[in-house]
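S.K.: Sharing a structure here in structure tokens format.
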Amino acid sequence: MWIYLLIILGFCNGALCTSALCQRKTSEACLLEEEDFEVFPGNEKELKDVCNFAKTTLQCAVDFVDKCGKSNFDLFHSNYEKVEKLMDAAADICRRESELYSRVVQLLPCTKGILRNDEELCRDRSREAIVNLERTMVNNKHAKDERDRLYKLYDCLYPVLSANCFLVQTSKKCGSQARNTALEIMGKVGLLETECLESNRDEVLQMLEIVQFLTGEEIYTKQLL
């Protein structure tokens, strides 16, 4: 496995080396596991570790594209444009002299607690919201069409509602400034861009208006669509 890292770092050159590299997935070439991206920092020291990991990983992705081209790039189902956006976001979030970095450090202990303790709560609330939305939408003569429409948009609606639940809990437990910072970071990393196709977003926004009416809760994640 280390041969791929050596190729990327320039210690192995030539057509055979490059061919061996480009036949592999980007994650294999950069020695990555999907679990590596599931770490959420709870304090400044852990944030620095995450930032260092992100810098190394994203640079490896850039070097892979330089040698193999964008067409061969696949990092856990993320295309190169997504990774470029993550690089820009990491640069903003991890710049230690920035105001955003200071805000992120302040919110970490509280938001990590929410991720650890409220995951099941948010999963249940998101599903409940979609069930109630379905009941409202299909209660007419166009029930089948409305149900089909809802199912088509489920892959966008569910993550939007889950992310919003996290923001609602953040607002309650950590304050509105922490919520706004979390929302800003979601926007920078393009949290919902993969799940929510551009062509579906107007329909999703219409459904979110109904959910907001039914629940009485603000849908902060509408700003990300």
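The values are calculated or read from the model by the stated rules, or taken from the named source; none is laboratory data. Fair warning: this is a prediction, and the values are worked out from it, not measured in the lab. Positions of Cβ are backbone-derived with ideal geometry, glycine not excepted, and every protein chain shown enters the neighbour counts.
S.K.: Need pairs with beta-carbon distance below 7 Å; first residue touching a residue at least 60 places away in the same chain (Cβ under 8 Å) and under 16 Å from K45 (Cα atoms) and within region 103-120, second basic (K, R) and assigned to a helix (DSSP H, G or I); sequence gap 6+ or separate chains.
M.R.: Close Cβ pairs (under 7 Å, with a partner that is basic (K, R) and assigned to a helix (DSSP H, G or I)) amount to C110/K173.
S.K.: Farther than 30 Å from Q177 by Cα and either in a helix (DSSP H, G or I) or not acidic (D, E) (or both): which single residue out of A54, A61, A90 fits that description? Give the derivation first.
M.R.: Values: A54 fails: farther than 30 Å from Q177 by Cα; A90 fails: farther than 30 Å from Q177 by Cα.
None of the others qualify; the one that does is A61.
S.K.: State which residue pairs qualify: first residue part of a loop (DSSP other than H, G, I, E, B) and inside region 20-35, second residue surrounded by 18 or more Cβ atoms within 10 Å (Cβ to Cβ) and modelled with pLDDT of 75 or more in any location, beta carbons under 6 Å apart, and separation of 6 or more residues or different chains.
M.R.: Pairs found: C30/C60.
S.K.: In region 121-137, which residue that is hydrophobic (A, V, I, L, M, F, W, C) and in contact (Cβ under 8 Å) with a residue 12 or more places away in the chain is surrounded by the fewest Cβ atoms within 10 Å (Cβ to Cβ)?
M.R.: Quick first cut of region 121-137, residues hydrophobic (A, V, I, L, M, F, W, C) only: 121-122, 129-131, 133, 137.
From the residues that got through so far, the ones that are in contact (Cβ under 8 Å) with a residue 12 or more places away in the chain too are 121-122, 129-130, 133, 137.
Values: L121: 13, C122: 20, A129: 25, I130: 19, L133: 20, M137: 17.
Only one residue tops the list, namely L121.
S.K.: Same structure again: Please give the number of the condition A143 fails out of (1) out of contact with any helix residue (DSSP H, G or I) (no Cβ under 7 Å at 6 or more places or on another chain); (2) of a type in the set (G, A, S); (3) not assigned by the TED database to the domain that holds S176.
M.R.: For A143, the failing item is (3).
S.K.: For L167, all conditions in the list (1) surrounded by fewer than 16 Cβ atoms within 10 Å (Cβ to Cβ); (2) part of a helix (DSSP H, G or I) hold save one; what is the number of the exception?
M.R.: Unmet condition: (1).
S.K.: Evaluate region 178-198: report whether one residue or more is more than 22 Å from I93 (Cβ to Cβ) and either surrounded by fewer than 20 Cβ atoms within 10 Å (Cβ to Cβ) or touching a His at 6+ places or on another chain (Cβ under 9 Å) (or both).
M.R.: Among the residues of region 178-198, at least one is more than 22 Å from I93 (Cβ to Cβ) and either surrounded by fewer than 20 Cβ atoms within 10 Å (Cβ to Cβ) or touching a His at 6+ places or on another chain (Cβ under 9 Å) (or both), which makes the answer yes.
S.K.: Within region 112-139, take every residue that is within 19 Å of L208 (Cα to Cα) and part of a loop (DSSP other than H, G, I, E, B) and give me the one that is modelled with the lowest pLDDT.
M.R.: So, considering only residues that are within 19 Å of L208 (Cα to Cα) and part of a loop (DSSP other than H, G, I, E, B), the one modelled with the lowest pLDDT is N139.
S.K.: Please name all residue pairs, on different chains or six or more residues apart, with Cβ atoms under 6 Å, provided the first residue is in region 77-97 and is free of Cβ contacts under 8 Å to residues at least 60 places away in the same chain and the second residue is assigned to a loop (DSSP other than H, G, I, E, B).
M.R.: That search, which allows pairs on different chains as well, returns Y80/F73.
S.K.: Could you please give the count of residues in region 64-74 that are in contact with a Cys (Cβ under 9 Å, 6 or more places away or on another chain) and either part of a loop (DSSP other than H, G, I, E, B) or hydroxyl-bearing (S, T, Y) (or both)?
M.R.: Of the residues in region 64-74, 1 are in contact with a Cys (Cβ under 9 Å, 6 or more places away or on another chain) and either part of a loop (DSSP other than H, G, I, E, B) or hydroxyl-bearing (S, T, Y) (or both).
S.K.: Anything in region 182-225 that is under 14 Å from the mean Cα position of the chain (by Cα) and part of a loop (DSSP other than H, G, I, E, B)? List them, or say none.
M.R.: Of everything in region 182-225, those that are under 14 Å from the mean Cα position of the chain (by Cα) and part of a loop (DSSP other than H, G, I, E, B) turn out to be G190, L191, L192, E193, T194, E195, C196, L225.
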